[in-house]
Amino acid sequence: MTTYNKKVRMGMVGGGQGAFIGAVHRAAAAIDGEIQLVCGAFSSSHANCLATGEALHIDPARCYASYQEMFAQEAIKPEDERMQFVSIVTPNHLHFPVAKAAIEAGFHVMSDKPATFTLQEAIELKAVLDKHDVLYGLTHTYTGYPLVREAKQLIHDGKLGVIRKVVVEYSQGWLSDAPGDDNKQAAWRLDPKRAGVSCCMGDIGVHAANLAEFISGLDITELCADLQPVVSGRELDDDGNVLMRFSNGAKGVLIASQISVGEENNLNIRVYGSKASIEWHQQEPNTMLIKYNDQPAQTVRTGVGEFSPYAAASMRTPAGHPEGYLEAFANIYMDFAKQIRKFAGEDVEVAGITPSIDEAIRGMAFIENCVAASRSNQKWLPFKLENVL
């Protein structure tokens, strides 16, 4: 095999001036020097697209008026110049058509979550992927934290014993009041035509569910949900509580809220096993607690002591130099870039596997199963992977 010095070339759909998550994706992709942004269809407004490209020092000829034009023009460029993958950072309703078009044009895809507008679209996207030899990744960012990966390995190795209970919370307060008309981030998330059937569960609850399944290694099999819009006038939920049952019989509780006044980005998880438990908080990501009944609790700090290869490969700085959200995001991009290099025949070692179309389908299924369960008078509903709503 051959190792090349060139960076992996990325295009972007969405993320124009005034958007939040696009800038985060770009910063994360750039951290390790593996990826170069070479083109974009950054906005439905070509003027905004060109202005964004100018600010990012992108060739104006590669700042396209539409994603369709971008895929068509990039596909006919020389192989060593064209983009290799596209990062999709649009509102939810565009994720599927953009991803489908990219895959059919032969480009790898990295999509912001949730993967699609509906579960059926996610299932259709998997069918498209099965017909094309390309890679697909999903930015479930929190799986990129080193201590999240260490927690997963500890559970996989049996250090906690049999998993009995999972408690995961993702609380924010930013939607506790009706936002102004100029709040672009709130506007599309609260719009069923752009966000889908859920705001809170679709935006942050799905992250919590993914984290619970990722760390525990278990699948959600049944749930009971109570979702509601707390702020008057909203069509979509801004708060919700979910009871869960897992594939080994373990029980779970998931809390997701965007109206919890004073909360910033309070994602935390506790996993209880028969031997020990772990506790991790996203707002203090470099610390994990391991607790026991018969010995003192342990405080694990990023970079201090021995770690699994999976977690160690995700750490960049010595102990005491905090790594956070952007670095976790960057781990997802770094893993994906290495997968692309390996796909192209380069001799590289891939430490972690990026969340894929399977996680995409489970994420969309979680959202729709929660909505269905909240609408139902039945206490427990089975977790279905199709025909939910």
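The residue that is farthest from ALA212 (Cα to Cα), among those in the range 126-147 that are part of a loop (DSSP other than H, G, I, E, B) and in contact (Cβ under 8 Å) with a residue 12 or more places away in the chain, is HIS132. Every test in (1) without any contact (Cβ under 8 Å) to a residue 24 or more places away in the chain; (2) over 12 Å from VAL166 (Cα atoms) is passed by GLU279 save one, and that test is (2). Evaluation of ILE278 against the conditions (1) among the β-branched types (Val, Ile, Thr); (2) surrounded by 22 or more Cβ atoms within 10 Å (Cβ to Cβ); (3) assigned to a loop (DSSP other than H, G, I, E, B) shows that the sole unmet condition is (3). Within the bounds of the range 21-42, is there any residue that is farther than 20 Å from GLY137 by Cβ and assigned to a helix (DSSP H, G or I)? No, that holds for no residue.
Within the range 373-389, track down each residue that is under 14 Å from ILE220 (Cα atoms), part of a loop (DSSP other than H, G, I, E, B) and not charged (D, E, K, R). Reasoning before the result, please.
From the range 373-389, those under 14 Å from ILE220 (Cα atoms) are 373, 380-385; that's our starting set.
Filter again for part of a loop (DSSP other than H, G, I, E, B), leaving 380, 383-385.
Matches in the range 373-389: TRP380, PHE383, LEU385.
Figure legend. Inter-residue proximity from the range 318-344: first residues closer than 12 Å to ALA28 by Cα, second residues loosely packed, with under 15 Cβ neighbours inside 10 Å and at pLDDT 95 or above, beta-carbon distance below 6 Å, spacing 6+ or different chains. Indicated pairs: LEU326/ALA27.
Listed here are the residues, each with its yes/no results for (1) in a helix (DSSP H, G or I); (2) surrounded by 20 or more Cβ atoms within 10 Å (Cβ to Cβ).
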position	(1), (2)
ARG149	yes, yes
LYS152	yes, yes
VAL166	no, yes
ASP177	no, no
ALA186	yes, no
ASN210	yes, yes
LEU218	no, yes
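For the condition among the β-branched types (Val, Ile, Thr) and touching a helix residue (DSSP H, G or I) at 6+ places or on another chain (Cβ under 9 Å), what is the one hit in ILE215, ILE204? Just one listed residue meets the conditions, ILE215. Just one of the listed residues (GLY352, GLY324) is assigned by TED's automatic domain parsing to the domain that holds ILE123, farther than 19 Å from ARG245 by Cβ and surrounded by fewer than 23 Cβ atoms within 10 Å (Cβ to Cβ), and it is GLY352.
Among the listed residues ILE88, ILE76, identify the single one that is among the hydrophobic types (A, V, I, L, M, F, W, C), closer than 26 Å to ARG341 by Cα and free of Cβ contacts under 8 Å to residues at least 12 places away in the same chain. That would be ILE76, the only listed residue that is among the hydrophobic types (A, V, I, L, M, F, W, C), closer than 26 Å to ARG341 by Cα and free of Cβ contacts under 8 Å to residues at least 12 places away in the same chain.
To keep it simple, each residue is scored yes or no on (1) out of contact with any helix residue (DSSP H, G or I) (no Cβ under 9 Å at 6 or more places or on another chain); (2) crowded, with 19+ Cβ neighbours inside 10 Å; (3) closer than 14 Å to LEU138 by Cα; (4) at pLDDT 95 or above.
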position: ALA65; (1), (2), (3), (4): no, no, no, yes
position: ILE76; (1), (2), (3), (4): yes, no, no, yes
position: ILE88; (1), (2), (3), (4): no, yes, yes, yes
position: PRO91; (1), (2), (3), (4): no, yes, no, no
position: ALA101; (1), (2), (3), (4): no, yes, no, yes
position: GLU104; (1), (2), (3), (4): no, no, no, yes
position: PHE107; (1), (2), (3), (4): no, yes, no, yes
position: SER111; (1), (2), (3), (4): no, yes, yes, yes
position: THR118; (1), (2), (3), (4): no, yes, no, yes
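The values are calculated or read from the model by the stated rules, or taken from the named source; none is laboratory data. Only a predicted model underlies this, so the values are computations on that prediction, with no experimental measurement involved. In this analysis, Cβ positions are derived from the backbone assuming ideal geometry, glycine residues included, and neighbour counts consider all displayed protein chains.
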